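Q: Here it is, the structure, as structure tokens.
Each value in this text was obtained by applying a stated rule to the coordinates, not by laboratory testing. Computed from a prediction, not measured in an experiment: that's the story for all the values here. A quick note on method: Cβ atoms are made from the backbone with ideal geometry, for glycine too, and the neighbour counts reach across all protein chains shown.
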Amino acid sequence: MAIIRVPRQHSVNKVAQQILDALRTQGEPCYVLHMYHVSIDEGIQPRCHVCYDSIYKGSDSTLNCSNCYGTAFEGGIKGVYRVFGIFTDNTNEEKRSKKGEWTPDDRSVQLPYLPDLMTHDYVVRVETWVENDSPDILGGYYRMGTVKELSLRDGSRYGKTTQDRISSSAPISLLPANHIIRSWVPENALEFEYDDSTILPSLANENLAHPLEDIEVIQ
């Protein structure tokens, strides 16, 4: 006789919370910038009024536009969050071409299950924090590669959703000093907390929280 397992959300939440605790213990507070993307924001977010060409569906100046940060969407940044992440060491791989030799800063990062991130989003590291829990010296700005989501399948239900995700990871590459996203700097934040009863988050209306809090929404 076939046995159909009933989904147990509490078990998924427990593992997700354990990973959050591990990130807070072993990781470092950093900022993640979720940008606007054509695949999910086309027709919803207005296009950039500075650089977007409606005929050619883009612009040669898009990557250098300070209004959209290279996304061709108004504002550029969909959401800014402060989370804990665990960064691996640089691979120290030497690359060669006709233009010379260089050693790119390529590594990977493990992050919480939320917020939803994807390729071409950004991670900003912070070297030091001041006493009022604000960033003092920013570290590297990194572009994210393919984001891999780790899910815990429990019970007979459709998988790979916000209900069963427990963490995410992605390769990241250090951006050059002249990249337009480096003009972004952190401002005041709202605390973005994880709800114990559900895998989905709830928004609080507090000001900038301590770096040891779970996650913060800034924009």
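Q: Excluding THR88 itself, calculate the net charge of residues whose Cβ lies under 15 Å from the Cβ of THR88, where each Lys or Arg counts +1 and each Asp or Glu counts -1. Please list the in-between numbers first.
A: On the way: positive: ARG107, ARG125, LYS148; negative: GLU28, ASP89, GLU93, ASP105, ASP106.
Here the charged neighbours net out to -2.
Q: Is segment 1-86 rounded, prolate or oblate when judged by the Cα gyration tensor, a ≥ b ≥ c being the square roots of its eigenvalues, rounded requiring a/c under 1.5 and prolate requiring a/b larger than b/c?
A: Numbers: a/c = 4.69, a/b = 1.85, b/c = 2.53.
It is oblate, given that a/c is not under 1.5 and a/b is not larger than b/c.
Q: Moving on. For segment 59-115, rounded, prolate or oblate, judged on the Cα gyration tensor with a ≥ b ≥ c (square roots of eigenvalues), a/c < 1.5 rounded, else prolate if a/b > b/c? Let's see the in-between values first.
A: On the way: a/c = 4.25, a/b = 1.14, b/c = 3.72.
Oblate.
Q: If the only charges are +1 at each Lys and Arg Cβ and -1 at each Asp and Glu Cβ, what is the size of the charge dipole of segment 1-47 around the Cα centre, to the nearest 20 debye? Write down the numbers at each step before the final one.
A: On the way: 5 positive and 4 negative charges, 61 e Å.
Once rounded to the nearest 20, the dipole reads 300 debye.
Q: Which distance in Å, rounded to a whole number, links the C-alpha centroids of segment 127-141 and segment 35-52?
A: About 30 Å separates the Cα centre of segment 127-141 from the one of segment 35-52.
Q: Let's test the formula: R0 of 45 Å, r as the Cβ-Cβ distance of ASN67 and HIS10. What FRET efficiency results, to the nearest 0.05?
A: On the way: r = 45 Å, r/R0 = 1.00.
Computed FRET efficiency for ASN67 and HIS10 comes out at 0.50.
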